[in-house]
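Just so it is clear, none of the values below were taken in a lab; they were calculated from the coordinates. This one's a predicted model, so the numbers in the text were calculated from it and none came from an experiment. Heads up, the Cβs are rebuilt from the backbone with ideal geometry, glycines too, and the neighbour counts pull from every protein chain shown.
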Amino acid sequence: MPRSIQGLAAGLEWTTFRALLPDLREKRVLDLGCGFGWHCRYAQEHGARVVVGIDLSEKMLERARTTTYQPEIEYHRCAIEDIDFAADQFDIVISSLALHYVEPFDRVCRKVHHCLTPNGAFVFSVEHPIFTALPAQSWYHGPAGQRLHWPLDNYQEEGPRQTNWLTDNVIKYHRTVATYVNTVIDSGFRMTRLEEPKPDPEITDPDVLDQSRRPTFLVIASIREQNANR
Ligand SMILES: C[S@@+](CC[C@H](N)C(=O)[O-])C[C@H]1O[C@@H](n2cnc3c(N)ncnc32)[C@H](O)[C@@H]1O
C-alpha cells in the first residue's frame, strides 16, 4: 500500500483527517489501530507530550517500533475492543482506518469516552459504509473492462463482511452511516464534523479520480461532552 511506503501523505483521507485534529501541543494522545505508527509520530512531531499507539498485529508494531526514535511514543499490543485505560488518561483519541475491523463499535466508543478527559477530542476515519456494504468491494465493469458503476446492496444489513483485501478472508464490519453517527452521540460525544474526503483537485491519476465517484472514507470528529456521565 502507498501508505506503507510513503506515509500519511499517500492517504486520500489524510488532508481531511489532519484538518480535524485539534492542537496537539502538550496533549496526551491515544492512537487505536496505529499500524506502522505514522499518526503517532505525527502527533509527537507536532508537540504531543505522550503518545500511545495500540494495535493487534505484532508485525505492525515491530515495524512501528523500528521506525520510531521518539521516547515519548509507546506501542502496546492490544485489541481496540479490549482497551482498559484509566479515566481521563488522554486528551485526544484518534483512529485511522481501523474501526471497521472491530465488531463492538458501541463498546469502543464507551471506552474512548471513559479514557478521554472532558472536552477531549475523538477523531476517527473508517472505510465508508457505501464501500463496505458489499464484500466484493469492487467496481462493476463493462465488457471492455471499464468501470461502469460502484454497486451498492445490503446497505442496511449490518455485520461482518468477508473480503479479500491485500490477503484472503479479511473480516470487516459493515455499519451504516447512521449507526456510526448515532453511536458516537449516544456514547456521550458531541459530533463536530462528518467528512467524506475527495481526491485533491490537482490529481490526474484516473484510478484516484474514480474515488470521487463514490465515497471511500468516512471521517468523524467529536468532543467528549463535559458533563456526560457514562
Ligand atoms: C488499514 S491499517 C491502518 C493503520 C494506521 N492507523 C494507518 O492509518 O496508517 C488497520 C490497522 O488496524 C489494526 N487492527 C485491525 N483490527 C484491530 C483490532 N481489533 N484491534 C487492534 N488493531 C486492529 C491492524 O493490525 C492494522 O494495523
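If only the Cβ of Lys and Arg carry +1 and only the Cβ of Asp and Glu carry -1, the dipole of the range 31-73 around its Cα centre is close to 60 debye. With neighbours defined as other Cβ atoms within 10 Å of a residue's Cβ, the residues 216, 67 order from fewest to most as 67, 216. Local charge for residue 160 was computed over the other residues whose Cβ lies under 12 Å away, with Lys and Arg +1 and Asp and Glu -1, and equals 0. With the convex hull of the Cα atoms taken as the outline of the chain, the averaged projected area works out to 12.8 nm². In the range 17-147, the DSSP beta bridges split such that about 5 percent are antiparallel, to the nearest 5. Residues 184, 112, arranged from fewest to most other Cβ atoms within 10 angstrom of their Cβ, appear as 184, 112.
Whole-Hz Karplus values for the range 131-140 come out as 7, 9, 4, 9, x, 5, 6, 8, 5, 8 Hz, taken residue by residue from phi with 6.51 cos²θ - 1.76 cosθ + 1.60 and θ = phi - 60°; glycine and proline positions read x. Straight-line reach from residue 27: taking Cα to Cα under 21 Å and skipping same-chain neighbours fewer than 8 places apart, the lysines in range are 111. Fewest neighbouring Cβ atoms within 10 Å first, the residues 20, 99 line up as 20, 99. Tell me, what is the percent relative contact order of the chain, built from C-alpha pairs under 8 Å that lie six or more residues apart? Over the chain, the number comes to 18 percent. Under the convention that each Lys and Arg Cβ holds +1 and each Asp and Glu Cβ holds -1, the size of the dipole of the chain around its Cα centre is about 200 debye. Provide the percentage of antiparallel DSSP beta bridges, counting only those with both residues in the chain; round to the nearest 5. That works out to approximately 50 percent antiparallel. Once the dipole of the chain is set up with Lys and Arg at +1 and Asp and Glu at -1 on Cβ about the Cα centre, which of 97, 122, 194 lies farthest towards its positive end? Farthest along the dipole direction, towards plus: 122. Backbone geometry of the range 27-35 corresponds, through the Karplus equation with coefficients 6.51, -1.76 and 1.60 at θ = phi - 60°, to 3J(HN,Hα) couplings of 8, 9, 10, 10, 10, 8, x, 6, x Hz, x marking Gly and Pro.
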